[in-house]
Amino acid sequence: MPDIKSFTMNFGPQHPSAHGVLRLILELEGEVIVRADPHIGLLHRGTEKLAESKPYNQSIGYMDRLDYVSMMSNEHAYVLSIEKLLEIDVPLRAQYIRVMFDEITRVLNHLLWLGAHALDIGAMSVFLYAFREREDLMDCYEAVSGTRMHATYYRPGGVSKDLPLNMPKYEETKWKSKKEVNKLNEAREGTLLDFIEDFTDRFPGCVDEYETLLTDNRIWKQRTVDIGIVTKERAFQLGFTGPMLRGSGVAWDLRKKQPYETYNLLDFDIPVGSNGDCYDRYLVRIEEMRQSNKIIRQCVDWLKNNNGPVISDNNKITPPSRDEVKEDMESLIYHFKLFTEGYCIPKGEVYCAVEHPKGEFGVTLISDGSNKPYRLKMRAPGFPHLAALNEMVNGHMISDVVAIIGTQDIVFGEIDR
Amino acid sequence: MTENLANKISNKNLKNLFEDNFKNYSYVFENKNTVVFNDTEKFISIMTHLKENEKIRFEILIDVIGVDYSDFGLSEWNAKSANNKGYSRGISKDSSGRYTYKTSKTHHNQPKKRFGVIYNLLSISSNERLNVKFYCNNDKNPSLPTVTSVWSSADWYEREAYDLFGIVFIDHPDLRRILTDYGFIGHPLRKDFPLIGNVEVNYDLNKERVVYQPVTIKPRVLIPKVIRGDNEKEAKDA
């Protein structure tokens, strides 16, 4: 037998399976990994430093760009922390809208994860299916905020606008015939809520389609079952949250355990895995999509029957309406102060976390009483997950690295910040 | 800033835990979820105890947050008094958004100690959160012992705090920079690090490689930092 010398391999930073800009230094013995050293920070934009130099509301847009596949969930943690320090109330309708969009975001995130994960380990078509549904949900984003991804929709005190009464429609082009356009526009004739309701009717069938492609697929199982096993004890030690923790058999979900907004009024279940391998985490996320769909449906039903304000009427924090600004001196002053200087938040330290699609996304906000955050720290769920990569890939083959990166649902926007 | 709020703990479980198990330590509660321990010598025993006590086991270290308190409560815009030309124009020079590397200030105006580290703990079994805060004794060379032996997840968090604040975690197995560039100089989240940075990269056509050069952009602040409301009286000018 010849001696096999260990050697070092560079994986990334431009590797399609590295999910962005991960540079991974792999020490190999033959094809078996002895040590993996992730080098991160290639997408570091200094969000925390930038936020310190801007009034609170101007940083909401930065939150979208943290985890750029689950935009509104990031905003949510940020506005929650501001609201907690300001001690302002959020109208119930705004809370339902936020919950609905958090869940839409969860579906968006899991669809991208599913498509990319399957693509990484050899199933091409799931990606195309997943993006078909993502398109519809992106249209919901666009309808409420005007943008398909970086919405900047949540505000301290509520959301920026109420839900629109009509959906944007497709137009006939060279590539889309009248017949196709009519079919696409069928669900878009009513309001946004009608469209989302139609989506929730269709979506469980779509998840079934993904499952027929993967769940019992022999190749899929060979690539995921018993790969990257994390026990419950290690998951605690490594700081896992979200599906990564639930995959290891811990029923921990902030939506149930420390409910925020209206989650305590809604009916849904928390899926839990048992082996803590890639396959279990896949099953957990698939079930989460079904549960999210259920929550979205409940929110739609509530929102259809209940009207009301969608943002707090405390004009020191939220802008007064255009009409008031034109007629009322006080409103004009509020408007001017808000857009030139922002609002000051009482001195204090606060931590707010939401159940982000990837785990616990938290914001630690330290205020010294000024109009800018003194210190803003984002707790990105992907950060401890990636830190555990070394432990998870140890003893596996090179090809399993790809499966493990995929199962961690890594997005560098949030890890590098 | 830190008055004794030990009796203000609203949370009964946390109160029991601290009254029974931490009698021999000196601590204060800054707010209902943040406790500050004063002696850093007993650091490891405090942390181990928090993780392994019988009442509330804090199994997960959620986050480690470094803080530089040197600009705390400083207002960039004197809006309290006016002279015959009106109010100040909000252009006071000495603030982190405005200076460059050369003009960066040397004096600090921090409350007591400049650097602090907050350990954000979560107990899954009891559904409790606790922030544990330690201040670093030395402002010039801030350091604390590492908690990697207690929670493995501390590894990267401490590397991050080291990278961004220069806080050294003693006995950390692998204390390298993590988020900044290879060969980066300085600690970007310190308040005396200019917002525009110190260097920028450029492609040099003659040398045919990427080169570092001093930043060419000018620092600017569009909206000055002001302190209003209840905290206005305590505010100091930068």
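The values are calculated or read from the model by the stated rules, or taken from the named source; none is laboratory data. Owing to the predicted nature of the structure, the values given are computational and were not obtained by experimental measurement. Reconstructed Cβ throughout: ideal geometry from the backbone, glycine too, with neighbour counts over all protein chains shown. Protein only, heavy atoms only, side chains kept; ligands, DNA and RNA dropped before computing areas. Shrake-Rupley method; radii C 1.70, N 1.55, O 1.52, S 1.80 Å.
Key figures
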quantity: Set of lysines with alpha-carbon distance to A:Lys179 below 27 Å, sequence-local pairs under 8 removed; calculated: A:Lys169
quantity: Summed buried accessible area for A+B [probe radius 1.4 Å, Å², rounded to 100]; calculated: 4700
quantity: Rg ratio (alpha-carbon, reference 2.2 N^0.38 Å) - the range A:293-417; calculated: 1.60
quantity: Of every Cα-Cα pair in the protein assembly as shown, the percent that sits beyond 49 Å; calculated: 14
quantity: Average partner coverage of A:285-294, which counts Cβ from other chains inside 10 Å; calculated: 0
quantity: Charged-residue dipole, Cβ positions (Lys, Arg, Asp, Glu), chain A about Cα centre, Debye nearest 20; calculated: 600
quantity: Shielding score for B:187-194, defined as the mean number of other chain Cβ atoms within 10 Å; calculated: 2
quantity: A:Leu165 - accessible surface, heavy atoms, 1.4 Å probe, Å² rounded to 10; calculated: 140
quantity: Residues of the range B:35-74 buried by at least 20 Å² on assembly (accessible area, 1.4 Å probe, chain alone as reference); calculated: B:Glu59, B:Ile60, B:Ile62, B:Asp63, B:Ile65, B:Val67, B:Phe72
quantity: With Cα atoms, 0 to 90° folded angle of helix A:278-305 axis to chain A main axis; calculated: 20
quantity: Reduction of at least 50 Å² in accessible surface, 1.4 Å probe, comparing all protein chains with the chain by itself, residues of the range A:360-378; calculated: A:Asp368, A:Lys372, A:Tyr374, A:Arg375, A:Lys377
quantity: Accessible surface of chain A, 1.4 Å probe, proportion on carbon and sulfur as whole %; calculated: 52
quantity: Entries of A:Lys337/B:Lys191; A:Lys256/A:Lys337; A:Lys49/A:Lys347; A:Lys161/A:Lys377; A:Lys232/A:Lys358; A:Lys377/B:Lys225 with Cα pairs more than 29 Å apart; calculated: A:Lys256/A:Lys337
quantity: Selection from B:Ile167, B:Asn206, B:Pro219, by position along the positive dipole direction of the range B:120-238 (Cβ); calculated: B:Pro219
quantity: Degrees separating the helix A:329-340 axis from the principal Cα axis of chain A, which is the longest one; calculated: 30
quantity: Accessible surface of A:Tyr170 - all protein chains present, 1.4 Å probe, nearest 10 Å²; calculated: 60
quantity: Cα centre as origin, Lys/Arg/Asp/Glu Cβ charges: the range A:25-102 dipole, Debye; calculated: 400
quantity: Per-residue average of Cβ from other chains inside 10 Å of A:237-243; calculated: 5
quantity: Mean accessible surface per residue for the protein assembly as shown, computed with a 1.4 Å probe while every protein chain stays in place, in Å²; calculated: 43
